[in-house]
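Novice: The structure is given below, and queries will be raised subsequently.
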Amino acid sequence: MMQKKKLFFLIVLLVVTSGLLAIDNAHFYKSANLHKKSTVGWFDELEKYDTLDWFTKIDFNYLYGDSGSCWDKNGHSAPLLNSTGNYDMLYLMENVPVKPDFQHYATFLANAQIYHERTNSTFGQLKFDGKFELNEVNIDLRQNLVSGFFLEGHLPVRDVSLKNISYNDMSPETGIYNKNMAQWRQFKNQLDVILQNYGLNSATKKYSQTGLGDLSILVGWQGIKENKEDDTTRFLGLTLKGGILFPTGNKDKTDYVFSLPTGYNGHWGIPLAVEGEIGFLGWLTLSAHASAVFFFDDDNKTRRMKTFTKQQGYIKLLDGQAEEEKGTLWHIGADIKFDHLAKGLSFLVGYSYNRQEEDELDPKDTTHFIKSVVNSDPLLEAWYMHVLHFMLDYDFSVHMQDSKWAPRINVFYNYPFDGKRAFKTDTIGGGLGVDVRWKL
Amino acid sequence: MKKLKILLFLGWISFLGLNAAQQINQEAGTANFGENISVKAYDRYTGDFYVGTDAENGAYSVAKAGRGDSVFTGLSTEDQLQDTISYMALASRTEFGATHVALHVGGNNIDILRVLDLSDLTNILQAPANQIIDAVGTEVYFYNLAGGYYNDHGIIFLRVGNNREDSGILAFQVDDALTQRTGVNNFAVRLDDQKGAVAGDGNFFREQSTAVLYLNTNPVVNDMYWDDELQTLFTAGSIETDKENQIVIGISKVKFNGDNIIISDVIPYNVNPANNVNNCIFVAQAGDGDNDDDNARVKHVDIYKIRTMKTSTNKHYLIVNGGANIQENEFNSTNQIRALRYDPTAAATIAGGGTGQIVANDANGTTLVNPLVLDGAYGLEGGNANSLVVGGENAPWRGVDEGEQSADMQIVGDTVYVSFNGLPRNGNFDPGVWSSTAMFDDNGVIIGWTKWERVFPSANNSANHEDEAKFFAVDAKINTVWQVNDDGGGDQPKIVRRTEIKTTDFSANSLQTQLNRDLSDGCSCMLDLPKGTPGIEGAANGDNSFVLFGGIEKVSFARTKYGNANDVTTNFTSPNNYKLENLPAGAGVVRAVGYSRNTEDETMGYFFAGTDTGLYVYTANAGYHVGFNGLTTLNAAPFDGTFSWQKMYGAADQIAGPVTAIESNGLYIFVVEQDVTTVGGITSKLHRFGIDEKVGDMVGTHAVVAQSGVGPIPANTIFTGMKLVTAVGAANNSQHLVISTNNGIFVSTAGADAVTTADWDQVEADSGYHSIYSPKRTPTTAGPRDGVNHKIWGVKLADDSKALDYYQNSAFDQFGFQGGNANATLQPAGGYTDGSAANPLTYLDRTTSFWSDGARRLYTRFNANEIAYSTLRSFPYYPEEWNMTEPYSFSELSDIPRIYWVESISALGIVLAGTDTGVISLVE
């Protein structure tokens, strides 16, 4: 009974200390990777090497993911680039200075679309779709110090792309304002010219960017209390860590309608994380973990911003400087790990809830931008994703009990099963790791 | 029995439907006035409509009702005002609406002026009999009244005395008391039959006149009108002479000279018509009586009504009903409404008389020269033939006998409104309230008028008298029209009605009901074809008038006037009067409907429809797609199944895109096609097809006469609208094309029949126009009856974002056209949005559609920031006089999400608007 109380207390402790994702992991465009650290080699099982002084863990993994759909602002399934709902082109030009002049044919047509307002229908609405692809490599290094303290580094490298971008005209087939209306057809024909006038590429132009993600360096402490006399509860573990997230990733591109950063878009961050583990029967480990990244404001960022409350979608004609307060990113999760079920083979199934709170922009140019309008953009609102994690790994150290080092390999699959304002990007990948105990 | 009750009920409902306008009751529970309404006044600043009765009617002997009132308020609460009211005038101590009502109370032989203080109905100012004195100082009775505002005082004018030798004009200043402001000894200033003792003293007799003995009748002052801005009283009267070379004049002016008034001529004393000229409207010289009409011995001038007009182009005109007549008992001018150019700055005709003369209607307002003539360079017309004929022709009632003059007249903006109640409707008389609006040349000078158009809903045909309007008033602020009449036809008017906006509950027989059934998915466009349009009439249907309404793949036809007795259609359930004709499946939304006659065969006509998929024509199913030969009813050929809407044969190759505008001059049709295929550029085209008996042959005459990127028209120019205008004064009044675009207005430098892509002038190149509106191209009475119009309004994109370049506003531009090459010029130069003297609005909310009869101006609008709003606004050109600092919003229309067009139905006197569910009535 007492043990149950302790277990419950531990779990509650883990939950209440939960924060945001500790490293560059979760993004709205991809499912988060497994938050738990990789398997630690058992070697000779003389001790838990997790906290062994000067123990070193190095991990590389590669993953791929793609998606053609998303969860929209209501949590419903939607085409990939339509999470905000259909793009209402009637308001595209609202409160936007005309370029190059109001008589320019494309501007004139765009400006004229507002004249169809209040049609009480889907007239003037476009539904955007596309395909997202992700290739990602993660490099992790953990270097134990002494007394459970350790240093940890993480650096992702990503290739993100949006392609096959297209849109459907949702205007009604019938009615006085229908999709065959000359002025509307002319507007669609000139949409790229309109975007060009405002420094934007074609709305359907493929976007691709490869680069570093955000580097994070953390310091932590891990403590493990083993109880070899108890056949049921074999150990309890607690990990605490915190550090700095460096904005080493590429920012999104404001000349693209649809653009993604490879990191957190230029924000410094303070990641904090906690993880608790409890081992049973020698082969079953339950863990719970939570993390948070508190981002620093970027006080001079070029952003495309809404100029009118009824605008929605990714197409925003006007850009400007703004102070960006990025919403805190956090997660909570739990895993069940069947540890070394057969020799070095382990299987893990886990769950994580990943969320980023809403971003807020404070435009510098208050002539053209109104803060409340800018921040009415659904794309700035919070997103979340529920992810199931599956992993198989093999620890070769069980065959190299006298070796200073041993490799590990793993394969994994991350499946996002629910969310809001997030791409439905499941990812699959594999990894290679090495554990090194410098001193036998 | 039950069925009978139902039938009776339905009949009652239908009858109610005829009286669409709302009756304004005398008081709660009493609909009609207890006595005949004898006088009326209207205060446009407050919107109050004042009436007086011809017999004691208690507190309602004098009454008023406001814009939103459904009953009158009795003003004659004091006994001394509860009597016959014979004359009434409003006076104001401020510039902000009437403060007092001057009254002629008690029937004949009245020598006390009573003035009711509107702020205290018990306070009745009086001018005693000893102040009502004639030109020689004798106490007399008074007759006419006029009033207004003058230098922070109210002002009232009386015409006193009925003796030909000593009658005159008195003036009273209204403050807390009345003060005589007339002249020396307070004697009336002379307005009698004397030849002026001082040259040009305003009397009816002119230089050369020799003796009063040759006047056949006493001169009569028929009307007086005080113009607050010009600070001038204009008098109009009747005078007749039978003595050779006697010269008589019907108009004089009265102005203040220091503390006193002085009456003077409106033309220099030495400027007179020659004795062989009989048509100088307000002045005539008797001839030698040799039985030649021009030299008739008897000449008389009868000006029954006089008002002033300050046009949107800042020109002044005197609008008069009446004119010069020859032969005793000949009254041919009773149905003549004429405009006389008036220059308020022209030199005084006598010392101290104050500036102001009637001048030639030319660019400079040239001073008239002797001998005075109507036409010609120095004549009244100033070289602009027929420019002074309001309505382009006589008013729509016969002018033969005395008493056939207009019953009431009002000027608002550029528009003249008149009413007629003299006789019931028949082939000679079309009673009702009518309007005509001025059209301008490039100098802002009137060079024409729109055809007379009914403005109060016609209640019935010849069976009753409800259209016989004794009095009326047009409220340009809220777009209503008041009318006073006697439904019984006995000249005992006791009923006051006011038009209203109606969006539902139309009567079963109404046009609106048929349209809302058949065009319930939207009414996108319309075309009104007034009476007299060539090709739509026949021998038995000379009055035919039709209206076409476009919807989604269908067009509704309505016959709104028929026969030869000025009958107005009231039952649109009759297949004779209404018919729906579908276009072929897939034709798309009808964006424009057009009509063309065939100048080679005036009995032949064609209907066209421009849709999202091209150009359609209503043609014979068999044969060679010929046009129709005359129209009778909508239940006969060509509406008997032998014709149908068909894509114009052969034009598919020439017009591949949507058609958004159609015009015709009888020789050609002109069609605007939109390019909907080009990416990264845009090309609009204006096509011309020659009218031919066989529509199929028309494609052989096809030419593109304007195209983006060709000739003077820059690449990527979007044609947003197209109109035909008449270059008045050019050879054969040649017609020119006007295109509104994102790059200004383009006007064809060559006639429409010969224009090529090289023949275009660009004006207002820095403006972008969303659309253009013009008055109807109504036919002229004389050949070639090709329709006259030379005024357009451009609805342009404007920017009120304080230099942010948003261009989320609109403004109105009005263009006048020069004769000859039809060069267009903004008139007035600053645009047409707001004529207020102080703080005019430069920008309006975004506008899609504009309608104006020259006085009332309605436009559809929206503001994207608003969630719930009315789509329609009213903004007359001189909003100040309507106490408006911003456009008026129609709360009745908050449930109407879109209005596609607004237009008057000329035959019915209603104003309709096209909506997503059919039509609504803006004037009903």
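The values are calculated or read from the model by the stated rules, or taken from the named source; none is laboratory data. From a predicted model like this one, the values you see are computed outputs, not experimental measurements. Positions of Cβ are backbone-derived with ideal geometry, glycine not excepted, and every protein chain shown enters the neighbour counts. Surface accessibility is based on the protein's heavy atoms, side chains included, excluding ligands, DNA and RNA. Shrake-Rupley method; radii C 1.70, N 1.55, O 1.52, S 1.80 Å.
Novice: Just give me a number: lysine pairs in the range A:168-319, eight or more positions apart or cross-chain, with C-alpha atoms less than 16 Å apart.
Specialist: Pairs that pass both the separation and distance tests number 11.
Novice: Mind ranking B:769-775, B:589-595 by how tightly packed they are, going by the mean number of other C-beta atoms within 10 angstrom, highest first?
Specialist: Descending packing order for the listed peptides: B:589-595, B:769-775.
Novice: Another question, then. Suppose R0 equals 51 Å; then what is the FRET efficiency for A:T367 and B:D753 from their Cβ-Cβ distance, rounded to the nearest 0.05?
Specialist: On the way: r = 52 Å, r/R0 = 1.02.
Calculated value: 0.45.
Novice: Relative to the longest principal Cα axis of chain A, at what angle does helix A:2-16 sit, 0 to 90 degrees, rounded to 10?
Specialist: In chain A, helix A:2-16 runs at an angle near 30 degrees to the longest axis.
Novice: Projected onto the charge dipole of the protein assembly as shown (+1 at Lys/Arg Cβ, -1 at Asp/Glu Cβ, origin at the Cα centre), which of B:G563, A:F412, B:Y141 gives the Cα projection farthest towards the positive end?
Specialist: Toward the positive end, the furthest listed residue is A:F412.
Novice: Right, another one. Comparing the chain by itself with all protein chains present, which residues of the range B:740-756 are at least 40 Å² less accessible (probe 1.4 Å)?
Specialist: B:N742
Novice: Over all alpha-carbon pairs in chain A, figure out the percentage whose distance exceeds 32 Å.
Specialist: Numbers: 41645 of 96580 pairs.
For chain A, the fraction of Cα-Cα distances above 32 Å is 43 percent.
Novice: Using modelled backbone amide H atoms (1.01 Å from N, in-plane), which distant-in-sequence or interchain residues come within less than 5 Å of A:W405's amide H?
Specialist: So A:W405 has HN proximity to A:R437.
Novice: Another question, if that's okay. I'd like the mean, over residues of B:766-775, of how many other protein chain beta carbons sit within 10 Å of each residue's own Cβ.
Specialist: 2
Novice: To the nearest hundred square angstrom, how large is the accessible surface buried between B and A, total for both chains, probe 1.4 angstrom?
Specialist: Values: alone 31350 and 19130 Å², together 46740 Å².
Looking at B and A, the buried total is near 3700 Å².
Novice: Can I ask one more? Could you work out [θ]222 nm for the protein assembly as shown from helices alone, using -39500 (n - 2.57) per DSSP H run of at least four and dividing by all its residues? Round to the nearest 500 deg cm²/dmol. List each step's numbers first, then the result.
Specialist: Numbers: 8 runs with 72 residues, N = 1364.
Rounded to the nearest 500, the figure is -1500 deg cm²/dmol.
Novice: Further, regarding this structure: With a 1.4 Å probe and every protein chain left in place, work out the accessible area per residue of the range A:285-440 in Å², rounded to a whole number.
Specialist: On a per-residue basis, the range A:285-440 sits at 41 Å².
Novice: Anything losing 10 Å² or more of accessible area from the isolated chain to the full protein assembly: pick those residues out of the range B:795-842, probe 1.4 Å, ligands and DNA/RNA ignored.
Specialist: B:L797, B:L804, B:D805, B:Y806, B:Y807, B:Q808
Novice: Skipping prolines and chain starts, which residues have an amide H placed within reach, meaning under 5 Å, of the one on B:I792, given they are 5 or more residues away or on another chain?
Specialist: HN-HN under 5 Å from B:I792: B:F815.
Novice: Gain in length, B:A656 to B:S70, computed as 0.36 nm per residue apart minus the alpha-carbon separation, to one decimal in nm?
Specialist: Between B:A656 and B:S70, full extension yields an extra 205.5 nm.
Novice: Convert 4 °C to kelvin, take the viscosity as 1.567 mPa s, use the Kirkwood radius over C-alpha pairs of the range B:494-628 as Rh, and evaluate the Stokes-Einstein diffusion coefficient in µm²/s, rounded to a whole number.
Specialist: 81
Novice: Right, here's the next one. Just subtract the alpha-carbon distance of A:N300 and A:L46 from 0.36 nm times their residue separation and send over the number in nm, one decimal.
Specialist: My answer for the length gained is 86.0 nm.
Novice: So, one more: Testing the spin-label approximation: label points 7 Å from Cα along Cα→Cβ at A:S166 and B:T701. State their distance in nm.
Specialist: Output for this residue pair reads 4.8 nm.
Novice: Springs between alpha-carbon pairs under 10 angstrom, Gaussian network model over chain A: which of A:K371, A:K404, A:K420 fluctuates most?
Specialist: Most flexible of the set in this elastic network: A:K404.
Novice: Further question: When the accessible area of each residue in the range A:174-212 is compared between its chain alone and the complete protein assembly (1.4 Å probe; ligands, DNA and RNA ignored), which residues differ by at least 40 Å², being lower in the assembly?
Specialist: Going by heavy-atom accessible area, the residues of the range A:174-212 that drop by at least 40 Å² are A:I176, A:Y177, A:A182, A:R185, A:Q186, A:N189, A:Q190.
Novice: Using a 1.4 angstrom probe on heavy atoms only, work out the carbon and sulfur share of the accessible area of the range B:542-623 in %.
Specialist: 47
Novice: Mind listing the long-range amide H neighbours of B:T741? Cut-off is under 5 Å, sequence gap 5 or more, other chains count too, H placed in the peptide plane at 1.01 Å from N.
Specialist: Here B:T720, B:F746, B:Y769 satisfy the definition.
Novice: Ok, one more. Pop a pseudo-label 7 angstrom from the Cα along the beta-carbon direction at both B:D491 and A:T122 and give the gap in nm to one decimal.
Specialist: Between B:D491 and A:T122, the simple spin-label model gives 6.8 nm.
Novice: Moving to a separate point now. If you plug each phi of the range B:21-26 into the Karplus form 6.51 cos²θ - 1.76 cosθ + 1.60 with θ = phi - 60°, what whole-Hz ³J(HN,Hα) values come out, in order, with x for Gly and Pro?
Specialist: The phi angles translate into 5, 7, 7, 9, 6, 4 Hz.
Novice: Quick one: what do you get for the protein assembly as shown if you divide its Cα Rg by 2.2 N^0.38 Å?
Specialist: 1.23
Novice: Could you tell me the distance between the Cα centroids of the range B:543-574 and the range B:589-633, to the nearest Å?
Specialist: Taking the Cα centre of each part, the range B:543-574 and the range B:589-633 sit 16 Å apart.
Novice: If I model a spin label as a point 7 Å beyond the Cα along the Cα-Cβ vector, how far apart are those points for B:E402 and A:A342 in nm?
Specialist: Spacing of the two 7 Å Cα→Cβ label points: 12.7 nm.
Novice: Now for a separate question. Any chance you could check the Cα centroid distance between the range B:228-261 and the range B:113-175 for me, in angstrom?
Specialist: Value for the Cα centre distance between the two parts: 18 Å.
Novice: Then there's this: Provide the FRET efficiency to the nearest 0.05 for the B:N464-B:T677 pair, computing r from the beta carbons and using R0 = 51 Å.
Specialist: Here the calculated transfer efficiency is 0.35.
Novice: Give the cross-link partners of B:K305 among the lysines, using a straight C-alpha distance below 25 Å as the criterion and excluding same-chain residues fewer than 8 apart.
Specialist: Excluding near neighbours in sequence, the set is B:K40, B:K64, B:K195, B:K253, B:K255, B:K315, B:K451, B:K470, B:K477, B:K494.
Novice: Where the Cα atoms of the range B:511-569 are projected onto their three principal axes, how long is each span, largest first, in whole Å?
Specialist: 36, 20, 12
Novice: Then there's this: Positive end of the charge dipole of the range B:50-162 (Lys, Arg +1 and Asp, Glu -1 on Cβ, about the Cα centre): tell me which of B:S70, B:L125, B:Y87 has its Cα farthest that way.
Specialist: It is B:S70, whose Cα lies furthest towards the positive end.
Novice: Right, next: On average, how many beta carbons from a partner chain sit within 10 Å of the beta carbon of a residue in A:106-117? Kindly include the intermediate steps, with their values, before the conclusion.
Specialist: Values: counts 5, 4, 13, 4, 0, 8, 9, 0, 5, 11, 3, 8.
Mean partner shielding for this stretch: 6.
Novice: Counting only the backbone N, which residues of the range B:855-875 are under 18 Å from the spot 7 Å out from the Cα of B:T504 toward its beta-carbon?
Specialist: Hits in the range B:855-875 for B:T504 at 18 Å: B:869-871.
Novice: Counting heavy atoms of the protein chains only and a 1.4 Å probe, report the per residue accessible area for the range A:145-268 as a whole number of Å². Please list the in-between numbers first.
Specialist: Details: 5070 Å² over 124 residues.
Ligands and nucleic acids excluded, the figure is 41 Å² per residue.
Novice: What whole-number value in Å² describes the accessible area per residue of the range B:216-282 for a 1.4 Å probe?
Specialist: Per residue, the range B:216-282 has an accessible area of 28 Å².
Novice: Where does each of B:915-924, A:357-366 land if you order them by average Cβ count within 10 Å, highest first?
Specialist: B:915-924, A:357-366
Novice: Right, here's the next one. What FRET efficiency comes out for A:K310 versus B:N582 if R0 is 45 angstrom and r is the Cβ-Cβ distance? Round to the nearest 0.05. Display every interim value, and only then the final one.
Specialist: On the way: r = 37 Å, r/R0 = 0.82.
According to the calculation, E is roughly 0.75.
Novice: At 1.4 Å probe size, with the rest of the protein present, what percent of the exposed accessible area of the range B:318-452 is carbon and sulfur atoms?
Specialist: Numbers: 1650 of 3760 Å².
With neighbouring chains kept in place, the figure for the range B:318-452 is 44 percent.
Novice: With a 1.4 Å probe and every protein chain kept in, tell me what percent of the accessible surface of the range A:67-179 is carbon plus sulfur. Provide the component values of the computation, followed by the final result.
Specialist: Values: 1810 of 3480 Å².
C and S fraction of accessible area: 52 percent.
Novice: A further question follows. Kindly express, to the nearest 10 degrees and within the range 0 to 90, the angle between helix B:2-18's C-alpha long axis and the longest C-alpha principal axis of chain B.
Specialist: The angle comes out near 70 degrees.
Novice: May I have the pair-distance distribution P(r) for the range A:378-440, computed from all Cα-Cα distances with 10 Å bins from 0 and rounded to whole percent?
Specialist: 19, 30, 22, 17, 10, 2
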